[in-house]
Every structure is written in C-alpha cells, then in structure tokens.
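Accompanying notes for the structure given below.
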Amino acid sequence: MRGDPGNFEVLTPTSLPEALRLMSEAALDQDSPLLKPLAGGTDLMVLMEMGALQCERFLSLHAIDELRSFRPEEDSVAIGAAMTFSRIRTEAILREEFPLLCEAAGQVGALAIQNRGTLGGNIANASPAADSAPALLAYDAELEIVSQSGTRRIPYSAFHTGYKEMQLRPDELIRSILLPRKWKGCHQSFRKVGARAAQAISKVSFAGVLRISDGLIQEARIAMGSVAPTPLRCVHTERALQGKKLDFSAIGRAKEALFKEISPVDDIRSNREYRLRVSLNLIEDFLLSARK
Amino acid sequence: MSAPKKISLHCTVNGEPRELNAYPMARLLDVLREDLRLTGTKEGCGEGECGACAVILNGELVNSCLVPAIQVQGAEILTIEGAANHPIAAQVQEAFLRHGGVQCGICSPGVILAAANLLSHDKAPSEADIRESLAGNLCRCTGYSKIVDSVAYAASDLKGTRS
Amino acid sequence: MTILRKEGREKARGAAFYVDDIAFSNLLHGTTVRSSIARGCISGISYLPGVPWDEFTIVTSKDIPGKNCIAHILHDQPCLADGLINHPEEPVVLLAHPDRHVLEKARRLVQIETKELPAVFTIEDSLARKQVIWGADNLFKSLLIEKGNVDSVWAGADRIIEGEYSTGAQEQLYLEPNGMVAKADNLSGVTVWGSMQCPFYVHHALVTALGLQADKVRVIQTETGGGFGGKEDYPSVIATHAALLSLKAGKPVKMIYDRAEDLAATTKRHPSRTRHKTAVSKSGKLLGMEVDFAIDGGAYATISSVVLSRGAIHAAGPYLCPNVRIRGHAVATNSPPNGAFRGFGAPQSIFALERHMDTIAAELGIPPEELRRRNFLHQGDQTATGQVLREKPDMEGLLEKALNAAGYHEKRKAFAEANANPETRVKKGIGFSAFMHGAGFTGSGEKMLASVAAVQATAAGRIEVLASSTEIGQGANTVFAQIVSHALGIPSDWVDVVRPDTSIVPNSGPTVASRTTMIVGKLVENAALGLREVLRQSGRLGLSHTPSDFQQALSTYVREVGPLRSDSTYKQPSHIEWDDMNYRGDAYGTFAWAVYVAEVSVDTVTYETKVDHFVAAQEVGKVIHPMLAAGQIEGGVTQGIGFAIYEEVVNRSGRMANNRLTNYIIPTSMDTPRIQVIFAENPYAHGPQGAKGIGELPLDGAAPAILNAVSFATGAPIHQIPMTPEHLLRALHGAKPEGQQL
C-alpha cells in the first residue's frame, strides 16, 4: 500500500443539490484543493494503492440515490451516472435494446468490479480503453451534466477532447447518460480484445451498429477503444459505409477509412502493429457478418 | 484545508454490530484485517485483480481493497470468518474441503465467498456460469478444475438439503 | 485412498495463519530502498527532508555483522549493495518505522547517487561478452554432456534438421506475496517467521550474514500461500533484511512485499535459448542430436548452475539417440537474479525439443506420433547421460491412452478439413508433447544433502512427523500423514505433522525438485517403520496389530520408558552412480513419464489462442493421494498454459516494466479448460508405497503441446513463447509495412 489514506478528505453529500453546492464552493475557493467525485472507487483506489493519487479531496457519490436511478422514457433511456455495471447488464430494457452496452458491462473486470464500477465513473476516468465507451459512442449517447448553474447536454462523442481530457468543469457532475431508443432491429456487434477472457484491460475494442434496409446501409455507427488518445467514433469509416450497398468494395473502403482514422500506439499491453491489424480485421469481420 | 480526520463508522460484520474509527479513504481490507483483526481476508495485489480480499458487502461480492471505509457506513459485511454461520457459504466451505478446492489456501477465502455469492443467486449454475462468477478470483495452485467441481458439488448438496 | 487435507479446514475458514497475519504490539514495518540503474557504482546516499529521520531504523551494508552476502551455492550476491550495483532492483538501504505510510514516504526520500556503467540484458550479448559483468567471462556455469560421437553422423544422415527456440521469463505468482517477520537481539539471537519453501536455506543465509552461531538462529515457516520455486531462494533475502533491521532496532520487524515489489524484485523462471541440430534417417530414426542450451541467470549466480543441469539433462527428452552432444551455459545479465520455478530448466529445454520433434516430423512427412514412437526410450536403453533405464517406461502406452482420450486422430482430421475452408475464422488445432522428468535432486545432490526425517510418539498415543519439508499448498502434510498411517496401520487422523521450525525439526532438505513425497516421504515411511520396530522389540506390540493396539503400545511405551523418536537418514540406492565432472551416469533415481495433448482454438481476427481441452497422461509410480495428485497436475498444466500463451515479463533495461497483476497476465477460470488427468501406475522401489515425484512434471509438457496445436491450426512457424497474440500475428504475417494489411 503506497498511498496514505490519512492524506485524503472525503465529503459525503446525501442529495444531488448538496453535492452540487459543495462542488461549486470548492471550484470557487481558490485556496481549496479541487474536489473530485468518487463513485465505486475501482480506478481511484488502485491509484491510491500505487501511491499515485494526486487529488486530496473527494466527494463520495454513494449516498446520492438519484444518481443510481434508471429512467426509461418514450424516446430514450436515462442511466444514472452511478449505476453499476452489474445493474446495467441485467436491466431488461438495456438487454433488449442496447445489447452492446450490456455485453461491455459484462466484460468489465470481473463480477466484483462490476458490482462497484459505475458507468459515470468509466466515462469520467476518461481512459481511451474504457470498456463502455465504444457502445456509448455507437448508440449516440448524450451526457446530462449538472452544476449549480444548471443542466446541459453534450453528445458523448464530443466529451473527450484529448488523452484524459474532457468537457467537464470542476463544479460539474455527470448526472445521467441518455441513449436514444432507435437501434432495435439493427445489426450490431461488440468485441473487446483483452489479454485474457476476464480481468483484462482492452487492447482494442469495437462496437458497430448498422441499419440496413433495401439492401443499403441507411445508418452506420463504428466506434473503437484503445486506438486513439480518446475513445473514438470513427466518422470517416461510417461515411464510407453510409448509403452504400454492403459489398466487398464497401468493405475495402471502410477498412481504408479506418486505417486513416485510428492512431494506435505501442504500450505495455500491446503494440501499434497488432492494434492496427486487429482493428482492420474487426471491421471486416463485422461487415462480413452483416452480409449473412 | 483541515487535516483529514478519522470518522466513526457503524456497520455490521458477520452479524455483529461494530463501531470503528477509520480514515474515510482507509481500505475496507485494512479495516477488517487491522482494526477488527479479521485476518481471513487476504491481500494478493491491492488493485482489484486477484480477488483474495473479496467479501460480501450488502449482498454483493466486492474487492475489499477497493472499497473506501466511508462507503461502508451502515453496511452489512460478510467475511470468511462469518461463512460458517451462513448456510450457503458453510456448505461451500465443506465442499471445497472434500473436493480439493483448497490448496495453498490464500485465495480460498475470496473464492469461497465468490462461490457462495453465486449460489445465493443461482441454485443450479452451469460450468460456464461458475467459471464466469469466479473469474475475478485468481488461483495459482488448482488450475480451477477442483474449484469448479467443488462449487458444483456445493450446489447439488444445497439442492439436497433444500428438497 | 483420499483423506481430507490436513490443514484444509483452517484454510477454508480463513483461520490459517500466514506471515502477514502476525501482529506484535511493538512491531516495526520494514522496507527496501533499491537502485534505479541496472549497473553502476554508488557515489553517495542522501536522506532528503520530509520525514522525521530520527524515528527510523536505517540499515546499510556497513551494519552487516557477518558476511555481506545472501548465501546460496556461491556467495556472490550481496545482502545490501556495497559500492556496486548489478541490477535495477538491487537493495541498497533498509528502513524500518512503526507506521507503514510514513515508511513509504521515507522510502521515496532516500536518494542513491550513482555513476552508471554499461550493462548487458540478453543471453547473446552476455555470451558475446559485450561487457564482462560477472567473473571473467559472464558464465555462471558451462557444461557438456556427450554420448557416442555426434560428429560422425552428419555426413551419413538422410536429413539434418536445425532449429532455434526460445522461452521467456515467467513469474511464479504465488498468490501470497513474499514476506517475513524477524525478532532479533544480541543476546538471544534471531527468530524469523515467514512464507518459505526451505527453512534451512533461510537458516544458512541468516547464520552467514549475521555471523551468528547456528543455534542462535531459528526459522519458523508460517502457512505459505504458494511457492512454485519462487520461495526457494528469495526468502533468504527478505529474512536477512528483516533480521538486520530488527537487530538494529531491537524490535520485531515485518517486511511484506506488495505485489509490485514482489513482481519487480524477486526471481523468475530463466529465459532460455536452445539450438537444435538433428540428424535423422528417412524412416525417422534419430541418429544424432546436438543441442546448445543457454539460460539467462540475471545478475547473480543464485541456483542457476543447477537449473542449467536439469534443463540440459532433459534436453534430449524421452528418446533413444546413440549420439548426443548437449552444451549448456548459464549466463549473467543485469536483470534481477532468476531462480527456481517449477520444472527448473526442464520446461525450457523440453519446449524446444518437442517443437523440434514436430518440425522434424513435418519435414520427413511422418505423423508426429509415429516419429516419437520410433524413438522412445525403453528398459535397458541409455539416456543422454548414459543412464541405463532399470525401470520399464511405457511411453507407447501413455501415448495411446492420451491420444485416444483426446480423440486426437478424429480431431486432427476434422480440424484440418474445417481449417482449409477460407470462411473459417476460428481455426482449431490439436497437438501433443512427450516427455519425462527426473525426480529428486540431480546427480549426487541427494547424497550430499543426506536428509533426515523423524517421527515421534506423544503421551496421548499420537504420532508426530518431524521434517523441514514445507506445506505450500501441494499437500505435503496430508501425504506425510497418509504415509505414516499406511506404514503403521493407524488412522491418518492420529498423525500430526509438526510445523517446520529449525529448532525442532531435522533438516530433511528443501521443498523443491519433486522430492518431498518421493525422497522425504520415504524417510518418513522408514522412520515410522523404525518406530514400530522399537515397539515390537520392547514387547509392547505384536507382529499384527489393530490401530488401538498400536495406540496402546505407543502410550504405554512413552509412559513407562520415556520419549520415543525414530529418525531416518537418506541412503542413496546402490544403483545410482553419477559423475559430476563429466555429466555421466544416473542423473536421477527415477523419472516420471508423460504425454500431454492440447486442443486449441485460434481466432484469426484477433490472433487470440484459447486452450479448449487438455489431456494429461502420466506414469508417476504409485499415486498416493489421487485428488491431491490430480490437483498438482491440473495446477501445473495451468501454469504451463500461462507459460505458453499469456505470461510475458516485459524487460526494459533489466527492469520488469509490467509489474502489476493488471499487466502480467495469468489465466483466470475463464481461460482454463477442463483438464483430463490420467495416471498409469508403475511403483518405484525406492519411493514410499512406490511413489515417484510429481510436482514439476506438469509444467514441462503443456507449452509444447499447446504450441504444436497452434502450429497445426495455423501453419505458423512458432519458435518462441510466450506466444501472445502480438507474437502470433508476427509469426503468421511477418513484419509488413503499414498499409499492406488492407
């Protein structure tokens, strides 16, 4: 244990307004260290163990019931930011309409991690390898972000701006993740490529959604993890497919577009050569399977 | 900023109400091992990979190395020391002993609680279910075969006692 | 017979007592400050402000009362660096403090100033002496095994087939990290408790470094959460460090490595490189084998010389070849020292040989099983060291059992057809390996150890087993109890195995080399029989007896005569002859024999390999406890799966860069197949009830079987492990310029 728990202060609001007030006060007080939200702890506690936890003050979200709610509406569903992966993977509507998100949730770490890790935490940790990110991008997720000054919505695809950087002010919290209910009946697939079948950090991850009718691709969503500084919605690859017949030339063009739009690197878990090749294989495999 | 202070915590551990003082970010693992001297919960990695520190928190399996003390305020915790008084966990312990699920023993507390957690939710798990529900508990001795068998035996023993 | 694991209930209840569970009221925590460079000279040490340094106990090499070394075979490894640094995790300063968080802060405030020297990180650079970093030539040991005259066969051979194979470092990854508690003072000496395989190794190291009389040092094994070789030699380092701190502080000191430190600093399986040159006839007879086997020992000698011996002796496998030359080299590099890991060199050389045998079969167009069949060793044949096999191995029988159980022939055919279809994204393969493993110390090792084990009676009429062999999960306690129970005709519940404590138990040698059941178990059996003999001669026990007769006799004896203890000392069976200078003769008293079959799927989209099914067939003499024995095989195979396709130590300038469980990948329950274990029995005259050693065997065969299967599935020329997906991609497609993948 390389971090010292005695160094950290934790606030525990029991309501969202109280939490936002505390966040706002901390953001305004120049002398006070920043207040960082703490959800399931599955990332932050690891950093503390390593002695690498920079922040000194935390705002624990565990006592705020509102953040754990699941609210299906007619056109969309709202997933409370502090909803755990275990609940996500067993929620009937999500299983029915957003299977890629449920599959991703079921492949986060293993059960004990899924019982603690939250969707909002996965987003705000801002890792390019976040397991939920490709599915959220492929489903056109929006984030509902709140602060004392109000509520705003932002497409998830615009949220991450660089490696570990995001559009979130120090006084803001992610309240919920909104998914439009428009993907039923689409051809869709998720694939996490990790170093083993469970307890793995993705080396490459992929989510694809295709709406095909009259032999043409009406809508395409392709998103990947661990191939760029942020989780990446592959818009050029989508464009190469949009409105096209799903034939071999379309597949070839999609691969070319993907090749240009991802920028994988060598790191401790894998290398650029592998990530590039597997990315191309994954899109090809996805598109071939859609032809069947 | 004022220096962080220890907070007073109330929780129920293995059925007994406990009162503690701990730093809010203290790991539940250390609270159990050092403050309560419940040393059956083991530390294998400190980063949620190995599951040796797994306990059941409010009915859910968690890695106690990743749970900050402040989040167990008012919670119910089951550790391996309480397993003998838990009908399902006790049966799992017995099956592990009889069917070779225990070797060096360091992963056993976490594995047994993970298995008990599974059998609390699913009375007749398939082999694939068992393997998935134990995937967060690394074992270096058994190759998992006898662990999986032990869980399957425990499930059928429990079925016998229930019917 | 299957009895319950002796200490199983405590373990299942979380009541077993491991080193980190020890608490003393005045306990200090200890930590190690390490070098940050691979090789160089220390020019100074500074203690930066930020902690109250006067509260700390600080130990450097100047505080060592005895010899500054960790005593193993050689005395080359310093206990604490004194001027020179030879690897990036070299211990330089030790610190102790009551608060482990303050201690960690202090560790980061010790600054070691160094002048860096050029370093060596690979076997080839070390052999080429790019820098001489150890001794005169970087060689911890070189050896030569010669049989016949291999130079005479090349000219007349139908085919000469060459290959080069390599294996990576592998971490033992016992789930309980290394740790020790020491309590020392100048008057009474030092007591050390800890997680270990070999209490007398630790004892020897403490006596040497602390300069104490042997009776002033006491080593007690606590429950040990796995070892696999990783707690053979390294515990001596931590024990010595903890004892030095305790001696200076006058208080007990606990040193528990966290996982990151354990991964970075402790020993690994030796990386290896093996070159094969083999002469064969058209019909597939082995005519000559030339093998060049090299292992990377890291910065200090530790036990590399004996790892090299075992690896080299196993390099020619279970095959009869009239002309063999095996050269072996254990070389120095500036990485932390490598050490023992289950198999001890043999998994490395057997991987090379069994991949090479499949290559030969393919080149000759002979089925791989047929090539093996034409070359297996039989009774009366001579191994590479000239050992005449007195026992009767039945490799053909094991091969048939294993292949049939796996459905090998049908699957080979079905998979080949399915793989030929270009639409098949997941290719399937099946492959096998054939091998043997010598049990006990190599050559005259057991004779030199001259181990002792004992049994003694208690007044309550129970039997206690006294041995320094440690229970590390493998079931030593249970098997010893069972051996005594069998020898004396009493229930195993009446037998207690005394916790190894060097002040109580005799030195029955280290818990290594698949020797605990076969060698020490035999001593325990003999000691038990000796005790029975004393009872008989005293007239208290008849020639046949019931368990209660025995108990009666035992307690009467203790009451009327006094303590009853029977010791047994190892005597080498008369047939064993070994020439250590020339590597000729009986390398081992006996061998276990095995054929393993692996079935795999290889995903051609992601290059991931999954082992779908595994059959492990072996002859290990008499199986004493079938459940424990099967548990050993299943666990060993799973470590072999890790060795083959998952576990990679990323070495950057001598330092393990992936020293976290997130990045060093061992198999989970979802990565592990059903393992079908088959035992054939052929009792060995010198083992207890006929048992042979079993512990290391399963590590030898898994990796080559898996890689032979992957090669069958994909056609990839595979010469190295771990075969991670990244390596498989390279093996399949070579290094292509970017864009050509399109």
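The values are calculated or read from the model by the stated rules, or taken from the named source; none is laboratory data. The model shown is predicted, which means the values in this text are computed figures rather than measured ones. FYI the Cβ positions are ideal-geometry reconstructions off the backbone, even for glycines, and counts take in every protein chain you see. Side chains included, ligands, DNA and RNA excluded: accessible areas come from the protein's heavy atoms. Shrake-Rupley method; radii C 1.70, N 1.55, O 1.52, S 1.80 Å.
Things to note:
- Pairs beyond 18 Å (Cα-Cα), from C:K282/C:K428; B:K42/C:K6; A:K244/A:K292: C:K282/C:K428; B:K42/C:K6
- Restricting the calculation to alpha carbons of the protein assembly as shown gives Rg and Dmax of 30.6, 100 angstrom.
- Here the spin labels are modelled as points 7 Å beyond Cα on the Cα-Cβ line, and at C:A23 and A:A52 they lie 3.2 nm apart.
- When accessible surface is computed with a 1.4 Å probe, chains C and B are found to bury approximately 4000 Å² between them, both chains counted.
- Relative contact order, percent, chain A [alpha-carbon distance under 8 Å, six or more residues apart]: 15 percent
- Under Karplus coefficients 6.51, -1.76 and 1.60, residue-wise ³J(HN,Hα) of region C:46-51 in Hz, glycine/proline x: 10, 10, 6, x, x, 9
- Taking only protein heavy atoms and a 1.4 Å probe, the accessible area of chain B is 48% carbon and sulfur.
- In region C:445-569, a dipole from Cβ-located charges (positive for Lys and Arg, negative for Asp and Glu) runs towards its positive end, and of C:A527, C:T478, C:A460 it is C:A527 whose Cα lies farthest in that direction.
- Computed from point charges on the beta carbon alone (+1 for Lys and Arg, -1 for Asp and Glu), the dipole magnitude for chain C about its Cα centre is near 360 Debye.
- Using 0.36 nm per residue and subtracting the Cα-Cα separation, the extra length available between C:R374 and C:N186 on full extension is 61.1 nm.
- FRET efficiency estimate (nearest 0.05) - Cβ-Cβ, B:S120 to A:E66, R0 22 angstrom: 0.20
- Look at the stretch A:44-53: the mean tally of other chain Cβ atoms within 10 Å of its residues' Cβ atoms is 6.
- Cut-off 15 Å (backbone N to label point 7 Å along Cα→Cβ of C:L732), residues of region C:603-623: C:603-611
- Modelled label positions at C:K285 and C:T569, each set 7 Å beyond Cα in the direction of Cβ, lie 4.9 nm from each other.
- In plain terms, the chain from C:R674 to C:K622 could stretch by 16.3 nm, reckoned as 0.36 nm per residue minus the Cα-Cα distance.
- Assuming charge only on the beta carbon of Lys and Arg (+1) and of Asp and Glu (-1), the dipole of region C:445-569 about its Cα centre is about 180 debye to the nearest 20.
- At the listed q of 0.18 Å⁻¹, the Debye profile of region C:445-569, built from one uniform point per Cα, gives log10 I(q)/I(0) equal to -0.87.
- Charge-dipole axis of chain C as Lys and Arg at +1 and Asp and Glu at -1 on Cβ define it, positive-most pick from C:V110, C:N149, C:V19: C:V19
- Rounded to the nearest 500, the 222 nm mean residue ellipticity of chain C from helices alone is -8500 deg cm²/dmol, with -39,500 (n - 2.57) taken per DSSP H run of at least 4 residues.
- For region A:1-86: rounded, prolate or oblate by the Cα gyration tensor [a/c cutoff 1.5]: oblate
- Computed from backbone phi with θ = phi - 60° and the Karplus coefficients 6.51, -1.76 and 1.60, the 3J(HN,Hα) list for region C:387-402 is 6, 7, 6, 7, 6, 10, x, 10, 5, 4, x, 5, 4, 5, 4, 5 Hz; x is used for glycine and proline.
- Computed lengthening from C:T458 to C:H409, 0.36 nm per intervening residue step minus Cα-Cα distance: 11.9 nm
- Rolling a 1.4 Å probe over the protein heavy atoms of region C:521-632, with every protein chain left in place, gives an accessible area that is 49 percent carbon and sulfur.
- FRET efficiency for C:E423 and A:Q218, using Cβ-Cβ distance with R0 set to 30 Å, rounded to 0.05: 0.65
- Anisotropy class of region C:142-277 from Cα gyration tensor, a/c 1.5 cut: prolate
- In this structure, C:D158 and C:D580 have a Cβ-Cβ separation that, at R0 = 35 Å, corresponds to a calculated FRET efficiency of about 0.45.
- Around the Cα centre of the protein assembly as shown, unit charges on the Cβ atoms of Lys, Arg, Asp and Glu (plus for the first two, minus for the last two) sum to a dipole of about 1080 debye.
- Across region C:201-235, the residues whose backbone nitrogen lies under 14 Å from the label position 7 Å along the beta-carbon direction of C:I504 are C:218-223.
- A:R239 paired with C:V388, simple spin-label distance in nm, labels 7 Å along Cα-to-beta-carbon: 8.3 nm
- Protection proxy ranking, highest mean first, for peptides A:187-196, B:140-149, C:126-135: B:140-149, A:187-196, C:126-135, where packing is the per-residue count of other beta-carbon atoms within 10 Å, averaged.
- Positive-end residue, region B:83-158 charge dipole about Cα centroid, Cβ charges, pick of B:T142, B:L119, B:A152: B:T142
- Pairs spanning more than 22 Å between alpha-carbon atoms, out of A:K182/A:K255; B:K123/B:K146; A:K203/A:K260: A:K182/A:K255.
- Taking a ≥ b ≥ c as the square roots of the eigenvalues of the Cα gyration tensor, an a/c ratio of 1.5 or more together with a/b no larger than b/c marks chain C as oblate.
- Among the lysines of region C:123-250, pairs that are 8 or more positions apart or on different chains and have alpha carbons within less than 24 Å of each other number 7.
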